[in-house]
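The values are calculated or read from the model by the stated rules, or taken from the named source; none is laboratory data. Just so you know, these numbers come straight off a predicted model, no measurement behind them. We place every Cβ from the backbone using ideal geometry, glycine too, and count neighbours over all the protein chains shown. All accessible areas refer to the heavy atoms of the entire protein, side chains included, with ligands and DNA or RNA removed. Shrake-Rupley method; radii C 1.70, N 1.55, O 1.52, S 1.80 Å.
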Amino acid sequence: MDKIVIEGGYPLTGEISISGAKNSAIKLMVVSLLTSEPVTLTNMPDLRDTRSLAALLKHMGVEVESETASKMMLHAPKLSSTTAPYDLVRKMRASFNVLGPLIAREGKAKVSLPGGCAIGARPVDLHLKALEALGASIKLEEGYVIAEAKKGLKGAEITFPFISVGATEHAMLTAVLAKGETILFNAAREPEIVDLANCLNAMGAKISGAGRSEITIKGVNKLSGVEHAVVPDRIEAGTYALAAATAGGSVRLKNIRSDHLGSLWPLIAQAGAKVSLDETTVLIERGGGRPKPVDVDTQAYPGFPTDLQAQFMALMCLANGVSIIRENIFENRFMHCPELTRMGADITVIGREAIVRGVKEFRAAPVMATDLRASASLISAGLAARGETHISRVYHLDRGFEHIEIKLGGCGARIRREKDD
Ligand code: EPZ
């Protein structure tokens, strides 16, 4: 197993090009199940999660080829299996999203339940209710969802009791080929949902309202092939912006959609870094002096993303005062706190709130990555800490950050990957 070693205490200076969004790419790949024509995705990130999903799609008979690391071709003239086995689904929750498209195309599917994960229980009840509303009959047997739609899928009005990114996407992916009109109320508004709707519309789907909380989908009989560029990864961009604010220095991020991080920029500026934006780039500069404390509350988009909470906390650990960070989306997303504490942070977690009392500096320490975004907060802390930080279990990081040590190394970070003993 690999670990990341960082010799910290050096500011970051340079440019980083942001990759395509993991959380969009893995939904866009699933689109290939909905058409017998080729789907070509460009600006694809090369990640463990995209490789895990490619393995699952291949198991179902989708031909998957990568012409270059950032261009993937998926083609499913016909499917050879409608089963998604536990071993392939457990590696990545989002693979559960194959269920609806399989029912839409083949009339039936057997997909493993994804189970909980480190950041919380993460049930799929909203997904299943949406599919039932669209006409699927669903049974749970031995950890599998067994679904069929003997008479085909029918459009429906679906009101989500609370906002779910995954359930909104899953309903959209299923309703595109249903008969008649589907309306999703209280839908998630994330940019990844807009990206998915744009791709489906380019294939002939009729989706309107993506990016708003009411989405209308008029079912069509057939979808064609498509070439689609994955939207830039707002979480990767936010992670490097926060790393620059935490370690200090001057970093320009390219190939971003700055409007997708409207909730982050004012908070980084309030914390004392200079933020200079245009549509596709941002320059983050932080000189001497400690950051100022800023309270943060995670919310569904366009609020502050839960996927940047851990990285923002690393910045607040060094603030000149106390900040309160509230996690509203997941019930157990503070596992980075004990690890940051090992590096000298002063954090008290009470329920969904973390009270962060800023300290003057991080101290290098051996720490453990607990989930994808938590790992990124430890990288930020390691870059700012004096001494050598060893971060183990970096496979979490490889799920969602493309070439992180190369990108940070290009900005002067002393960061390397080593074999863990
Ligand atoms: C997506 O997860 C992202 N994953 C997450 O990113 C992200 O943190 C999350 O959205 C919120 O923005 C992908 O896109 C692959 P949800 P998702 O359904 O869709 C509860 C990362 O690090 N819920 O919006 O699974 C759920 O437990 C990952 O890249 C139910 O109760 O999130 C959570 O508390 C981590 N029943 C809340 O809703 C359901 O049926 C929001 O989850 C579905 C969700």
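Key figures for this structure:
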read-out: Antiparallel bridge percentage (DSSP; both residues within the range 22-229; nearest 5); value: 70
read-out: Burial ranking of peptide ranges 35-44, 172-181, 202-211, 16-25 (average Cβ count within 10 Å, highest at the top); value: 16-25, 172-181, 35-44, 202-211
read-out: In Å², nearest 10: area of residue 153 left accessible to a 1.4 Å probe; value: 20
read-out: Two-decimal log10 I(q)/I(0) for the range 340-421, as the Debye equation yields it once each C-alpha is a single scatterer, q = 0.21, 0.24 Å⁻¹; value: -1.04, -1.26
read-out: FRET efficiency, 1/(1 + (r/R0)^6) with R0 30 Å, evaluated for residue 206 and residue 55 via beta carbons; value: 0.40
read-out: The chain, dipole about Cα centre (Lys/Arg Cβ +1, Asp/Glu Cβ -1), debye to the nearest 20; value: 260
read-out: The chain, relative contact order in percent, only Cα pairs under 8 angstrom and at least six apart counted; value: 21
read-out: Of 229, 198, 329, farthest towards positive along the dipole that unit charges on Lys, Arg, Asp, Glu beta carbons give the chain; value: 329
read-out: Solvent exposure ordering (accessible area, 1.4 Å, most first) of 86, 10; value: 86, 10
read-out: Accessible area, probe 1.4 Å, largest first, for residues 212, 189; value: 212, 189
read-out: All lysines inside 21 Å of residue 151 as judged from Cα atoms, apart from same-chain residues fewer than 8 positions distant; value: 78, 108, 110, 129, 139, 179, 218, 222
read-out: Under the Karplus curve 6.51 cos²θ - 1.76 cosθ + 1.60, θ = phi - 60°, whole-Hz ³J(HN,Hα) for the range 405-415, x wherever Gly or Pro sits; value: 6, 6, 5, 6, x, x, 9, x, 5, 9, 9
read-out: Residue-wise HN-Hα coupling along the range 218-234, computed from phi with Karplus coefficients 6.51, -1.76, 1.60 (Hz; x: Gly, Pro); value: 9, x, 10, 7, 7, 10, 9, x, 7, 10, 9, 9, 5, 4, x, 7, 6
read-out: Probe 1.4 Å - accessible area at residue 63, Å² to nearest ten; value: 90
read-out: Added length on full extension, which subtracts the Cα-Cα distance from 0.36 nm per residue, residue 254 to residue 414; value: 55.5 nm
read-out: Test item: Cα-centred dipole of the range 22-229, Lys/Arg +1 and Asp/Glu -1 on Cβ, debye; value: 320
read-out: Per residue accessible area in Å² of the chain, where ligands, DNA and RNA are left out and the probe is 1.4 Å; value: 39
read-out: Per-pair calculated FRET efficiency, R0 = 41 Å: residue 277 and residue 350 via Cβ, rounded to 0.05; value: 0.70
read-out: Exposure ranking of 396, 403 by accessible area [1.4 Å probe, largest first]; value: 403, 396
read-out: Rounded to whole Hz, the Karplus (6.51, -1.76, 1.60) HN-Hα couplings of the range 163-174, x for glycine and proline; value: 7, 9, 5, x, 5, 4, 5, 5, 5, 5, 4, 8
read-out: Shape call, the range 22-229: gyration tensor on alpha carbons, a/c limit 1.5; value: rounded
read-out: With all protein chains modelled, accessible area of residue 228 [1.4 Å, Å²]; value: 20
read-out: The range 22-229: relative contact order as a whole-number percent, Cα under 8 Å and 6+ apart; value: 20
read-out: Helical contribution to [θ] at 222 nm, DSSP H n ≥ 4, -39,500 (n - 2.57), averaged over the chain, rounded to 500; value: -8000 deg cm²/dmol
read-out: Where labels lie 7 Å past Cα in the beta-carbon direction, separation of residue 162 and residue 78 in nm; value: 4.5
read-out: Three semi-axes of the equivalent ellipsoid, the range 278-421, Cα gyration tensor, whole Å, largest first; value: 22, 18, 17
read-out: Cβ-placed point charges (K, R +1; D, E -1), dipole of the range 232-294 about Cα centre in debye, nearest 20; value: 260
read-out: Solvent-free Debye scattering, log10 I(q)/I(0), computed from the Cα coordinates of the chain at q = 0.10 Å⁻¹; value: -0.67
